[in-house]
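Data block below; observations after.
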Amino acid sequence: MKAAYISTFGGAENIQYGEQTLAINDADSVTVRVKASALNPLDCKIMAGYMEQMFPVQMPYIVGSDFSGIVEEVGSKVSQFRPGDRVAGRTDPCAGGALAEFVVINPHELISLPDEMSFEQAAAIPTAYGTAHLALFGKRKLQAGQRVLIHAGAGGVGSFAIQLAKQAGAEVIATASAKNIAMVASLGADEVIDYRSQDITQIAPVDVVLDPFGGEALERSWQVLKPGGHIATL
């Protein structure tokens, strides 16, 4: 099959395109014909070699984890999917494999797609949504009525986090650049702060902070955290 892969760590210029071997579809696996793939910051860091201690990979490494497509083949023990189903999923980052013609994957790593969702939309969901959900509901579950500060509300993780927090009944304060304030507000943020011109340390204290940046943003976030509150930093 055709795939985009790397043979050595580095930037996007190291990506090659050519033939790679497709994994064997056993009784417990599903083969998906990939229609769309998405790259996340994690994928770029894996390609650069920055994540080797946490996500060791073998070369050649087919890039990417998030994908969507159509089920091509199912193993004899798979009952929840059948050929022709529209699906999306995320591979183990150590395995990669999304930027290829086909992906072989455990059916538990797949979800079915509604007819109205495009393959491109679906491929953009798994890592960003999963990260936002884990940050808000993983270690300590966000509660209705709590105040949450979400940095980078216009980003992939931030945009999902705003919607998840609102669904949970939280009051949402988000940061964004001036050009993205209207978009972030449309996602459900109760208050949007222009991080370039407004000081977040002036807002009322919050119960939860989602911080994707570290550094100065994290330092300032501690200043608005209520006693007993918590920060999820990426």
Low-density loop trypsin sites (Lys or Arg not before Pro), the range 31-125, at most 12 other Cβ within 10 Å, DSSP non-H/G/I/E/B, are K77
Taking a cut-off of 17 Å between Cα atoms, list the aspartates and glutamates near K141, but don't count ones fewer than 8 places away on the same chain. E171, D207, D211
For the chain, what does the helix formula give at 222 nm: sum of -39500 (n - 2.57) over DSSP H segments with n ≥ 4, over the residue count, nearest 500 deg cm²/dmol? -6000 deg cm²/dmol
Using Cα pairs under 8 angstrom and six or more residues apart, how large is the relative contact order of the chain, in percent? 15
So if we plug the beta-carbon distance of M59 and A204 into 1/(1 + (r/R0)^6) with R0 = 35 Å, what FRET efficiency do we get, rounded to 0.05? 0.10
For a protection proxy built on the mean count of beta-carbon atoms within 10 angstrom, sort 180-186, 94-100, 167-173 highest first, please. 94-100, 167-173, 180-186
Give me the tail of P(r) for the chain as a percent: Cα-Cα pairs with distance above 30 Å. 36
Counting only DSSP loop positions in the range 147-234, the trypsin sites (Lys or Arg not before Pro) whose Cβ has at most 14 other Cβ atoms within 10 Å are R196
How many percent of the accessible area of the chain is carbon or sulfur, using a 1.4 Å probe? 52
Dipole magnitude of the chain, debye to nearest 20 (Cβ charges: Lys/Arg +1, Asp/Glu -1, about Cα centre): 420
Rounded to whole Hz, the Karplus (6.51, -1.76, 1.60) HN-Hα couplings of the range 101-114, x for glycine and proline: 5, 9, 10, 9, 8, 5, x, 5, 9, 10, 10, 7, 9, x
Near the amide H of I150, under 5 Å away, which other amide H atoms are found, from residues 5 or more places off or on another chain, if H is placed in the peptide plane? I173, A174, T175, L210
Taking Cα centroids, how far is the range 139-216 from the range 79-126 in Å? 29
For F102, enumerate residues with amide H under 5 Å from its amide H, sequence gap 5+ or separate chain, H modeled in the peptide plane. V34
With bins 5 Å wide starting at 0, give me the P(r) of the range 18-154 over every alpha carbon pair, in whole percents. 2, 10, 18, 19, 18, 15, 10, 5, 2, 1, 0
Taking the simple approach of a point 7 Å from Cα along Cα-to-Cβ for both A144 and A178, what is their distance in nm? 3.9
Enter the accessible area per residue of the range 1-94 (Å², integer; probe 1.4 Å; all protein chains in place). 54
With x for Gly and Pro, the residue-by-residue ³J(HN,Hα) of the range 131-137, computed from phi through the Karplus equation 6.51 cos²θ - 1.76 cosθ + 1.60 at θ = phi - 60° and given in whole Hz, is 5, 4, 5, 5, 5, 8, 10
Restrict the search to the range 81-125; then list the GluC sites (Glu not before Pro) that DSSP places in a loop and that have at most 10 other Cβ atoms within 10 Å of their Cβ. E116
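The values are calculated or read from the model by the stated rules, or taken from the named source; none is laboratory data. Since this is a predicted model, take the numbers as computed values, not measurements. Cβ: placed from backbone, ideal geometry, glycine included. Neighbour counts: every protein chain shown. Heads up: the accessible areas ignore ligands, DNA and RNA and are worked out on the full protein's heavy atoms, side chains in. Shrake-Rupley method; radii C 1.70, N 1.55, O 1.52, S 1.80 Å.
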